[in-house]
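Below is one structure, written out as structure tokens; the observations come after it.
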Amino acid sequence: MTETIARLYQHWITQDLQVIAGFAIVFWLLRAGARNERWQRAWVRMKRDRAGFIALGVVLLYLFVGALEILQIPGKQGSRSILDVFFAGIPKEKSYSAPLAATLLNSARHEPIIGRHWLGTDVLGKDVLVQMLKACRTALVIGGLTSAIYVPLGALLGVLAGYFRRWVDDVIQYIYSTLASIPEILLLVAILMVLGKGLGTMSIALGITGWVGLCRLIRGETMRQSERPYIAAARAIGQTHWKIVTRHLLPNVMHLVLISAVLGFSNIVLAEAILSYLGVGAPVGTASWGIMIDAGRTELGRDPLVWWNITAATTALFGLVLALNILGDALRRAFDPKRT
Amino acid sequence: MMPPSRALALLLLAALIFSGCDNDPNPEPYHKTRPDGSPWRVRYGGIPGDPKSFDPQFAYDEVSREFIQHVYDTLLEYHPMKTEPVELIPCLLAEMPKRENHPDGTVSYLCRLQPGIHYHDDPCFPGGKGREIVASDVHYILQRIADPKVESPFFAILEQHIVGLHETRQAGTKNGKFDYNTLVSGFETLDNYSFRIQLNGPFPQLLYWMAMHAMSPVAREAVEYYDGQMHDGKVRPTFRFYTVGHGPFRMREYIPRQRIRYERVEGYRTSVFPSDGFPPEKAEWLKQFAGKPLPLFDELQLSVILETIPAFVLGRQGYLDGITANKDAFAAVVTSTGELTPKYKARGMELEKVVTPGTFYISFNMQDPVIGKNVKLRKALASAYDAREYVEIFYSGVAPVSNQLLPRGLFGYDAHYIDPNGYDLEKAKRLLAEAGYPDGRDARTGEQLVLSIEEPVSGTEERQRAEYEVRLFEKLGIKLKINENTFARLLERLEQGNFQIGSGTGWLADFPDPENFFFLFYSKNFPREGANYCRYSNPDFDRAYEKMAQMDDGPERLALIQQMNKMLADDCPAIFQFDKAFYVAAQPWGRWTHNSPVIEGGFYKYHQVDPVLREKLRAQWNRKPLWPLIALGLLLVAGFIYAVRWNQRNHV
Amino acid sequence: MFSFIIRRLLYSVPILLGVILLTFLLDNVMMSPEAKAARVLGPKAAHQARVDWIHLRGLDQPMPRQFVHYVGNLVTLQFGTTWVTGRDLRDVFLRGAGPSLLITVPGFFAAFLASVGLALFQVFVRDSTLDRFLTFLSVALMSVPTMVYVIFAQAVLALGLNYFPAFGFNYEGLGSVRFLLLPVAIFILINLGSDARLYRAVFLEEISQDYVRTAFAKGVTGPRVLAIHVFKNGLIAIITLVVAELPKLILGSLLIESLFGIPGLGSVLVQAIQTGDQPVVMASVFLGSVLYLLSLILTDICYALADPRIRLS
């Protein structure tokens, strides 16, 4: 029984449906936000912000490439991603080769290579450009799953702490003080050693360590909002706590959640690189920028120099993180123009 | 803004700091010249880790041995130049031990120490002067090995052979404390320098043990003095991290995780530079050192360098006396024919091949229901493994691919052996079909065969290797699930038997005897007590092993070894990958005098160095070009002026 | 004021206990006693040696008893010995603190000066293209992973141009500086981007205040306003942010130290993680927590000093 369930889960249709469902949820949330007046005003301001718009475009581009890799279609030997199909023509070489080179890197023997590689190949002969694009999936999966964990956790606990105060606040503060006082890298490594390696467990670990910042922020903002007269009025007319939280408080702090999520995404992607260096990164065989950078570390000491691997990964990583940061800044400006 | 005078001062300060910079990371040597006016000779080496201990009866790992060998000599040692075959020569002993066979089957060895060898001067001795090494010191070694507090890993092995060692631990330990008045009955002191060791039966490997630091004499005074307790207001170091030796060097400084420095001891006479056994290509050059007193240089600086790239970089800059060709340095240093690349040859370096008696193999769990019962499946996997291509990608094609259990250089190694389970992809696919999994799918259910493989993954290199190995096996159409482990966890899983295929298993022998390798497949050596991770159990193999372990080298032993090789090939409990060998490019001023540091041994004392040549070449290799700085300075100034000017324009 | 500090200290105690409990649980789940023994004694040690090792360290006792023992050890600062070298951890930490501080303290002050300077300059030229460009530059600096900075610095400056030692460290009096220049420079680069943005926001907040507009109306010139009013008042807010960072300086920067081979606390930790050396990891967690709680208290004290309303509450 469990076997068939496991097999059904692994099937490419369920995996694709999950991804589409994820996107749909985000879309629905954004639409819900669009009904909010504050958000509408912010959108008007955003449209005039050129830098922010470009950044949004770049982020969407990355999302698109990542989606190409995440979505799977059936093939002869199991399912492959759309990106795989697109690049199926590119062969695997034996080992390193320079971008657009005709021979393998090992100069002594001049072995010809089969295909044409725009960004060269890595140690096992895989095309670097393809790896770089496939790594979008890893970054998006980790970023997405982690956000799915820490955003609800942090926002909800923050609102609860800020609104109810007293013992609820104390308990939540105790929990996050304890968690925050452990050096983050140690906690990550410890959790990963227990749960084992993998994109899912990495997301869980990053989620557990990441909700504290958001919680604090939302807690502060909720406390400020709670002082406002409209909350007191709501209490006065007898609205339940649950309604106040969901109808009034949450929507009014959501803009902060959005900005945090966008900026947090960039930090998560950067963190993945560090975790790879420490040896608790993505599993073997997964394409990831962090692994490429880590491999690049030793490759730069080679003679002849192998620079294309680390350069490709850094550029891709930099592009995404920069775009996210600029987008976050633009959002901040859009929601609160006084604080430019 | 900032007054120009202050800016100028800052610039001058920066320039001053910068000019004092150079990229030499080594500290100044202890002296500049020897007493006789010739230059002070220093050698610089790199070690990939910190030592676990300096206690010879406790340290059992390669890194600690690297630190101990300069300070403690051994009873016997390996001839520094003879490697095919290796030869043991006396070191602390005056001559090779005499073997005595007794009618009841027991064996004993009669040994005599060199008179007049002293421990180094140290405050633990009365008057601070080191005393002479005597036979009772060797007895003290055996007592220490029996002492449970010392936690000596050698006890388990030696107690099986040396008479009375096991009883000594039982009788002498009360409440965990060992009484050093308990004597080892198998040890007989004949006079100040002579002693006899009594064994249960033939144990020719004892001579190899005497070449290990496990049996290096230590002074009882030192062990008792350095107890780690407070005396007279100061805490004394523990003997685990303090040396009072008798070797050619004395430890002067040890900064953990940074470096360790040794200085030569005056009056060392235990060994001199040999006069025979010179390899022909170096014989002319080596003649100048024949018979000279050791060591040939004065100071040794070993830096702890944990990562491989800095070691390579420092070697290239001339701050280390050798470049170890690891994976990234390989293509740069070694050509595909096993020679030095032209770039490094032009520098005047020399390539040395270091062969250690070790081998890597992939283990199959013979007790696993899928793999352990299906010999054709194992053979299929073995035939799918292309060690040659692996070595080509990761080692430029020069690490020796192994096709049998024994590594090169050992008695019993067959240079003409052809492995029946060698690489043959077609044959592998055929065997897989015969095993019940045509094209990787189960013949009955059509399911793809999924096997799990344990990989030690603790760095980029290992990650890439794991990926490559999996790719090799997946050519058969099966699917491999990689279990990434740290080395400790890998060992745990191997010991628990919680695996199907275990990669990264290997063995570095303590001494060049085939018994040390076939031991790995002996059925009485199952984990957790032993290292037979494959859990291979074959009574015929066991019988052959027991006979062969006690024999001396000869045609009979060879026949048994060949039998055992055949059994291993038939049952295929493991895939043999390659031997542990690596290349070192020696700097032109540090040509190697010895052949290779085979296993244990104080080979460093035979090293030489030419400091004058080193200074010259270092300066040449580390020139500092100034143009980038000038360019940067101009750029900064220009940018600053532009920014100020532009701002004035806009904010007037 | 005194009672305030006492109250904060008391509040930290249950947090510390929580941390200890968490690390103890993690410690025991991460590696079984067998694995720990194998790690220390090496693969060639006999099984009996491992059993003895476990018994000697009391790892076969029931959990609650081990926990009490553990807490007692930590509180009396008996961290035990590392597994890899067997050295006393107190010794290791004390030795490691030196090089760490030699990088983080100068780096911190230099980064602070540079960030404040850059932020002030940006406020001076606010709303101009230069301002926007500098903001973009700050964000760009933040977006590059630390490792890439270090790798390229080593490859270009140390290897290619031979200006600085690529690796290593040595106490040589003034000569030690050559080992520190690159690490400190990178430390500054990493923090410059995010710090400058933060301080810029703080200063902009100040400059939009009414009293600044009054100053301008009175005829005070731009730079003077900046230097005296904005800077001083913004500094109060900044210092409270900065003070929270001070205790963590002792831990050093993990990546910089391990990549440059500086034997500071950061590289101790990285090595411990890579080799699975648990006593070091656990002791570092404890130490890190203590420092963090210390920084929280310091921050609160600073707030209290700056804002009398908090003090009196």
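Which of the listed residues, B:L613, B:Q587, B:P555, is farthest toward the dipole's positive end in the range B:500-652, when Lys, Arg count +1 and Asp, Glu count -1 at the beta-carbon?
B:L613
What fraction, in whole percent, of alpha-carbon pairs in chain B exceed 47 Å separation?
Percentage above 47 Å: 27.
Against the empirical 2.2 N^0.38 Å scaling, what ratio does the C-alpha Rg of the range B:129-191 come to? Mind dumping the intermediate values first?
Numbers: Rg = 11.9 Å, N = 63, 2.2 N^0.38 = 10.6 Å.
Normalised by 2.2 N^0.38 Å, the Cα Rg of the range B:129-191 equals 1.12.
Where in the range B:547-648 are there GluC sites (Glu not before Pro) that are in a DSSP coil and have at most 13 other Cβ atoms within 10 angstrom of their Cβ?
Counting only loop positions with at most 13 other Cβ atoms within 10 Å, none of the GluC sites (Glu not before Pro) in the range B:547-648 qualifies.
Kindly flag which residue pairs out of B:K379/B:K475; B:K524/B:K547; B:K149/B:K174 have an alpha-carbon separation exceeding 18 Å in this structure.
Details: B:K379/B:K475 15 Å; B:K524/B:K547 14 Å; B:K149/B:K174 12 Å.
In this structure, not one pair exceeds 18 Å between Cα atoms.
Taking each residue in B:485-493, count the Cβ atoms of any other chain within 10 Å of its Cβ, then average. What number comes out?
If you average over the peptide's residues, the count of other-chain Cβ atoms is 6.
Let me confirm one metric for peptide B:237-250, namely the mean number of other chain beta-carbon atoms within 10 Å of its residues' beta-carbons. It would help to have the intermediate numbers written out before the result.
Values: counts 0, 3, 0, 3, 4, 0, 0, 0, 0, 0, 0, 0, 0, 0.
Partner Cβ neighbours, averaged per residue: 1.
Please give the net charge around C:G58, taking every other residue with its beta carbon less than 13 angstrom from that of C:G58, where Lys and Arg add +1 and Asp and Glu add -1.
Numbers: positive: C:K36, C:R57, C:R65; negative: C:D52, C:D60.
Net charge in that neighbourhood comes out at +1.
Cα centroids of the range A:152-225 and the range C:121-143: how far apart, whole angstrom?
For the range A:152-225 versus the range C:121-143, the Cα centre distance is 32 Å.
Could the peptides B:447-455, B:372-380, B:484-492 be put in order, highest first, of the mean number of other beta-carbon atoms found within 10 Å of their residues?
Numbers: B:447-455: 17.9, B:372-380: 19.6, B:484-492: 22.0.
Result, highest mean first: B:484-492, B:372-380, B:447-455.
Mind ordering A:42-48, B:64-70 by average Cβ neighbours within 10 Å, highest first? Please list the in-between numbers first.
Numbers: A:42-48: 14.1, B:64-70: 22.6.
The peptides rank, most packed first, as B:64-70, A:42-48.
By how many degrees, between 0 and 90 and to the nearest 10, does the Cα long axis of helix C:47-56 differ from the longest principal axis of chain C?
60 degrees
Can you give me the angle between helix A:184-195 and the longest principal axis of chain A, using Cα atoms only, in degrees from 0 to 90, rounded to the nearest 10?
Rounded to the nearest ten degrees, it is 70.
Keeping every protein chain present and rolling a 1.4 Å probe, give me the accessible area per residue for the protein assembly as shown in Å². Please list the in-between numbers first.
Numbers: 57710 Å² over 1305 residues.
So the protein assembly as shown comes to 44 Å² accessible per residue, rounded to a whole number.
Give the average, rounded to an integer, of partner chain Cβ atoms located within 10 angstrom of each Cβ in B:363-373.
0
Counting other Cβ atoms within 10 Å, which GluC sites (Glu not before Pro) in the range B:77-159 have at most 16 and lie in a DSSP loop?
Details: sites: B:E77, B:E87, B:E95, B:E100, B:E132, B:E151, B:E159; in loops: B:E95, B:E151, B:E159.
Loop-located and lightly packed - B:E95.
Could you work out the pair-distance distribution P(r) of the range A:184-309 from its alpha-carbon pairs, with 10 angstrom bin width and percents rounded to whole numbers?
11, 29, 22, 18, 12, 5, 2, 0
Would you be so kind as to identify all helices of chain B, as entire DSSP H runs, whose Cα atoms reach 18 Å or more along the helix's own axis and whose mean Kyte-Doolittle hydropathy is at least -0.5? Could you put the intermediate results ahead of the total?
Values: long enough: B:4-19 (22 Å, 1.85); B:460-474 (21 Å, -1.59); B:555-571 (24 Å, -0.45); B:627-650 (34 Å, 0.82).
Counting only whole DSSP H runs, the qualifying helices are B:4-19, B:555-571, B:627-650.
What is the ratio of the Cα radius of gyration of the range B:315-397 to 2.2 N^0.38 Å, with N the residue count, to two decimals?
1.60
Rounded, prolate or oblate: which fits the range B:41-171 when a ≥ b ≥ c are the square roots of the eigenvalues of the alpha-carbon gyration tensor, with rounded for a/c under 1.5 and prolate only if a/b beats b/c?
Values: a/c = 1.38, a/b = 1.27, b/c = 1.09.
Cα axes put the range B:41-171 in the rounded bin.
Based on the mean of other Cβ atoms within 10 Å per residue, sort peptides C:145-156, B:345-356 so the most packed one is first. Kindly include the intermediate steps, with their values, before the conclusion.
On the way: C:145-156: 20.7, B:345-356: 16.6.
Averaged packing, sorted descending, gives the order C:145-156, B:345-356.
So for the protein assembly as shown, taking the charge dipole from beta-carbon charges (+1 Lys/Arg, -1 Asp/Glu), which of B:A135, B:N374, A:L124 sits furthest toward the positive end?
A:L124
Suppose R0 equals 35 Å. What FRET efficiency, 1/(1 + (r/R0)^6) with r the Cβ-Cβ distance, do A:D170 and A:W28 give to the nearest 0.05?
0.50
List the extent of the Cα atoms of the range B:148-230 along each of their three principal axes, largest first, rounded to whole Å.
46, 27, 25
Rounded to whole Hz and in sequence order, give me ³J(HN,Hα) for the range C:139-155 from the Karplus expression 6.51 cos²θ - 1.76 cosθ + 1.60, θ = phi - 60°, writing x for Gly and Pro.
5, 4, 4, 5, 8, 9, x, 3, 4, 5, 4, 5, 4, 5, 4, 4, 5
Please list the three semi-axes, largest first and in whole Å, of the ellipsoid equivalent to the range B:205-276, using sqrt of 5 times the eigenvalues of its alpha carbon gyration tensor.
On the way: eigenvalues 150, 60, 32 Å².
The answer is 27, 17, 13 Å, longest axis first.
Please get the size of the charge dipole for the protein assembly as shown, origin at its Cα centre, with Cβ charges of +1 on Lys and Arg and -1 on Asp and Glu, quoted in debye to the nearest 20.
Working: 132 positive and 122 negative charges, 1213 e Å.
I would put it at about 5820 debye.
Share of antiparallel DSSP beta bridges in the protein assembly as shown, in percent to the nearest 5?
Restricted to the protein assembly as shown, the bridges split so that about 80 percent are antiparallel.
Computed on protein heavy atoms with a 1.4 Å probe, what is the summed buried accessible area for the chain pair A and B, in Å² to the nearest 100?
The buried area between A and B, both sides summed, comes to about 2500 Å².
Which value, in Å² and to the nearest 10, is the accessible area of B:S537 when all protein chains are kept and the probe is 1.4 Å?
Its accessible surface works out to 80 Å², give or take rounding.
What's the angle, to the nearest 10 degrees (0 to 90), between helix A:37-48's Cα axis and the longest principal axis of chain A?
40 degrees
How big is the C-alpha Rg of chain A next to the rule-of-thumb value 2.2 N^0.38 Å, as a ratio?
After normalising by residue count via 2.2 N^0.38 Å, the value is 1.15.
When only Cα pairs under 8 Å and 6 or more residues apart are kept, what is the percent relative contact order across chain B?
17 percent
What number does the protein assembly as shown give for Rg over Rh if you use C-alpha atoms and the Kirkwood radius?
With Rg and the Kirkwood Rh in hand, the quotient comes to 0.98.
Under the √(5λ) rule applied to the eigenvalues of the Cα gyration tensor, what semi-axes describe the equivalent ellipsoid of the range A:15-79? Give them in Å, descending. It would help to have the intermediate numbers written out before the result.
Details: eigenvalues 203, 54, 4 Å².
Equivalent-ellipsoid dimensions as semi-axes: 32, 16, 4 Å.
What whole-number distance in Å separates the alpha-carbon centres of the range A:11-87 and the range B:122-170?
First find each Cα centre; the distance between them is then 71 Å.
Show which lysines lie in cross-link reach of B:K82 when reach means a straight Cα distance below 27 angstrom and same-chain residues fewer than eight apart are skipped.
B:K98, B:K282, B:K287, B:K292, B:K345, B:K353, B:K580, B:K605
What aspartates and glutamates could a cross-link reach from C:K36, if we take a straight Cα to Cα line under 17 Å and drop same-chain neighbours fewer than 8 places away?
In chain and number order, the partners are B:D61, B:E151, B:E492, B:E495, B:E529, C:D27, C:D52, C:D60, C:D277.
Whole-Å semi-axes of the range B:282-343's equivalent ellipsoid, largest first, each the root of 5 times a Cα gyration tensor eigenvalue?
That gives 27, 20, 8 Å for the three semi-axes.
For the C and B pair, go ahead and give the buried accessible area with a 1.4 Å probe, both sides summed, in Å² to 100.
Details: alone 17640 and 31210 Å², together 44420 Å².
Rounded to the nearest hundred, the buried surface is 4400 Å².
Take the Cα atoms of chain C, build their convex hull, and give its volume per residue in Å³.
For chain C, the hull spanned by Cα atoms encloses 178 Å³ per residue.
Along the charge dipole of the protein assembly as shown, which of B:S537, A:S276, A:L179 sits closest to the positive end, that is, farthest toward it, with unit charges on the beta carbon of Lys, Arg, Asp and Glu (+1, +1, -1, -1)?
Farthest towards the positive pole: A:L179.
Which ³J(HN,Hα) values in Hz, rounded to whole numbers, follow from the phi angles of the range C:12-28 under the Karplus curve 6.51 cos²θ - 1.76 cosθ + 1.60, where θ = phi - 60° and Gly and Pro get x?
For the range C:12-28, the Karplus-derived couplings read 6, 4, x, 5, 4, 4, x, 4, 4, 4, 4, 5, 5, 4, 4, 4, 7 Hz, x marking Gly and Pro.
Under the rule a/c < 1.5 gives rounded, and otherwise a/b versus b/c splits prolate from oblate, where does the range C:78-162 land using the Cα gyration tensor? All intermediate terms of the calculation are to be shown ahead of the outcome.
Numbers: a/c = 3.24, a/b = 2.07, b/c = 1.57.
Here the range C:78-162 falls in the prolate category.
Treating only the Cβ atoms of Lys and Arg (+1) and Asp and Glu (-1) as charged, compute the dipole magnitude of chain A about its Cα centre; round to the nearest 20 debye.
Around 1280 debye, computed over chain A.
Would you jot down the residues in the range A:119-146 that end up with at least 30 Å² less accessible area in the complete protein assembly than in the chain alone, with a 1.4 Å probe?
Residues meeting the cut-off: A:V123, A:L124.
When the Karplus curve 6.51 cos²θ - 1.76 cosθ + 1.60 is applied with θ = phi - 60°, which whole-Hz ³J(HN,Hα) does each residue of the range B:227-242 get, with x for Gly and Pro?
Values, residue by residue: 10, x, 9, 7, 9, 6, x, 10, 8, 7, x, 8, 5, 4, 10, 9 Hz.
Please report, in debye to the nearest 20, how large the charge dipole of chain B is about its Cα centre when each Lys and Arg carries +1 at its beta carbon and each Asp and Glu carries -1 there.
2240 debye
Quick check on the range B:200-337: take the gyration tensor over C-alpha atoms, sort the square-rooted eigenvalues as a ≥ b ≥ c, and tell me if it's rounded (a/c under 1.5), prolate or oblate.
Values: a/c = 1.77, a/b = 1.27, b/c = 1.39.
In terms of gyration-tensor shape, oblate.
The values are calculated or read from the model by the stated rules, or taken from the named source; none is laboratory data. All of these numbers come straight from a predicted model, not from anything done at the bench. Note that we place each Cβ from the backbone using ideal geometry, even for glycine, and neighbour counts take in every protein chain shown. Side chains included, ligands, DNA and RNA excluded: accessible areas come from the protein's heavy atoms. Shrake-Rupley method; radii C 1.70, N 1.55, O 1.52, S 1.80 Å.
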